[in-house]
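Next up is a structure, given as structure tokens.
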Amino acid sequence: MFVVVGGTGRVGRQVAAQLRERGLPVRVVTRGLNPAAAPRGAEVARADLADPVSLEPHLLGAQAVFLVWPFTSPEMTAGLAPKVAEIAARHARRIVYLSAQAAADQPGSFWAVVERAIEDSGDSWTFLRPTGFAANTLMWADQIRPGGVVRWPFGAAARALIDERDIAAVAVRALAGDGHDGARYLLSGPAVLTQVEQLAAIGHAIGRELRWQELPRQAALAALAAAWGDPAFAEMALDAWEWFVDHPETVTSAVQDLTGAPARSFADWAAANAAAFR
Ligand SMILES: NC(=O)c1ccc[n+]([C@@H]2O[C@H](COP(=O)([O-])OP(=O)(O)OC[C@H]3O[C@@H](n4cnc5c(N)ncnc54)[C@H](OP(=O)(O)O)[C@@H]3O)[C@@H](O)[C@H]2O)c1
């Protein structure tokens with residue numbers, strides 16, 4: 001049994017679907033807010049990472065567990081990570097954790113703390129450290145649909161956005177294949193694009209000219225803190241975008257190396273997700 005925590009989310013749903021395509025048994029763990037979002041053929045189990053003991057019955061007999069850490073929920077503090085890792089290690093033969101590129105150079109970051117808890121659990125592990133997700137641009141959909149103008153900060157922030165299907169393709173290999181224990185994979189899309197260029201690619205995909213309107217940092221902070229309910233998380237996102245203006249994200253060949261297929265371009269992602277912006 002392959003247990004996919006966050007299997008109703010953007011990456012986890014793809015992981016669960018790709019495991020099912022290989023004919024492997026999958027159990028999606030969700031708080032049950034939207035179990036219908038799990039892919040067809042997957043078992044759905046209810047548990048809450050914020051209550052680590054609730055996970056335990058669903059991990060019995062697990063071959064491997066895919067773990068996300070949804071830090072946008074305020075109750076999901078990194079302090080819970082050792083308990084979650086300990087329970088996962090007791091039952092699953094390996095843990096594949098969806099971390100982030102930031103874990104590599106920010107040892108105090110949330111992702112690094114969760115990684116250390118998993119290392120300390122003594123289980124086999126693989127860490128996926130992706131760049132920003134292409135799906136993050138869905139945040140602009142509510143502005144694109146009515147007016148075609150996106151008011152957002154740091155249009156020059158340059159990122160190597162990765163398609164969630166490619167993260168999942170690597171995750172499935174780490175979950176179900178051998179030779180990935182102890183690996184920290186730096187995963188990226190195939191090219192760096194500024195946020196302004198990402199918006200142009202979305203415009204191309206939907207056949208409309210879209211316009212970027214630079215939003216000052218302070219105004220963005222108020223809007224994002226209100227939208228996410230977490231001012232500290234909004235500050236962190238703004239710091240990251242500001243950093244990417246002068247320090248573009250790194251492009252790696254890991255997706256191609258590990259899956260044999262080139263990483264999908266942002267244009268591909270935008271075409272596949274055009275309906276969300278129309
Ligand atoms: N966005 C980025 O650019 C980026 C970059 C690098 C790494 N990451 C990492 O990616 C992960 C997020 O992945 P994603 O975007 O696929 O997630 P997502 O779409 O935001 O979905 C979150 C998933 O987690 C589940 N979930 C939320 N709170 C939970 C809880 N308390 N207990 C159990 N399950 C819970 C949700 O299911 P229910 O609501 O059904 O419970 C859902 O399946 C995080 O670990 C983040 O650090 C993100």
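FYI, it's all coordinate maths here, none of it is from the lab. Treat the numbers as computed from the prediction; the structure is a model and nothing was measured. Counting neighbours? That spans all protein chains shown, and the Cβs are built from the backbone with ideal geometry, glycine included.
Based on DSSP H assignment, which helices of the chain show an axial Cα extent of at least 20 Å together with a mean Kyte-Doolittle hydropathy greater than or equal to -0.5? Provide the component values of the computation, followed by the final result.
On the way: long enough: 231-246 (24 Å, 0.33).
Membrane-span-like by this rule: 231-246.
DSSP beta bridges in the chain, what fraction antiparallel, as a percent rounded to 5? Intermediate values should be presented prior to the final figure.
Numbers: 2 of 32 bridges.
Restricted to the chain, the bridges split so that about 5 percent are antiparallel.
While we're looking at this one, here's another question. So what is the 222 nm mean residue ellipticity for the chain from helices alone, if each DSSP H run of at least 4 adds -39500 (n - 2.57) and you divide by all residues, rounding to the nearest 500 deg cm²/dmol?
Details: 12 runs with 115 residues, N = 278.
After summing the helix terms and dividing by residue count, I get -12000 deg cm²/dmol.
Please get the size of the charge dipole for the chain, origin at its Cα centre, with Cβ charges of +1 on Lys and Arg and -1 on Asp and Glu, quoted in debye to the nearest 20.
880 debye
Here's another thing I want to ask about it. Considering the dipole of the stretch 54-165 built from charges on the beta carbon (Lys and Arg +1, Asp and Glu -1) around the Cα centre, which of Val68, Ala92, Ser121 is farthest to its positive end?
Val68
Looking at the chain as a GNM with Cα springs under 10 Å, which of Gln198, Gln14, Gln213 has the largest mean-square fluctuation?
Per the Cα network of the chain with a 10 Å cutoff, Gln213 tops the list.
Still on this structure: With +1 on the Cβ of every Lys and Arg and -1 on the Cβ of every Asp and Glu, and nothing else charged, how large is the dipole of the stretch 25-125 about its Cα centre, in debye rounded to the nearest 20? Working shown, then result.
On the way: 9 positive and 11 negative charges, 76 e Å.
Computed about the Cα centre, the dipole is about 360 debye.
So for the chain, taking the charge dipole from beta-carbon charges (+1 Lys/Arg, -1 Asp/Glu), which of Gln198, Ser109, Thr252 sits furthest toward the positive end?
Gln198
Test of understanding: in a Gaussian network model of the chain with alpha carbons linked when under 10 Å, which of Ala183, Ala36, Ala85 would top the mean-square fluctuation ranking?
Comparing Ala183, Ala36, Ala85 in a Gaussian network model of the chain, the most mobile one is Ala36.
Within the chain, which is the longest segment that contains none of the GluC sites (Glu not before Pro) sitting in a DSSP loop with at most 12 other Cβ atoms within 10 Å?
That gives 76-208 as the longest site-free run.
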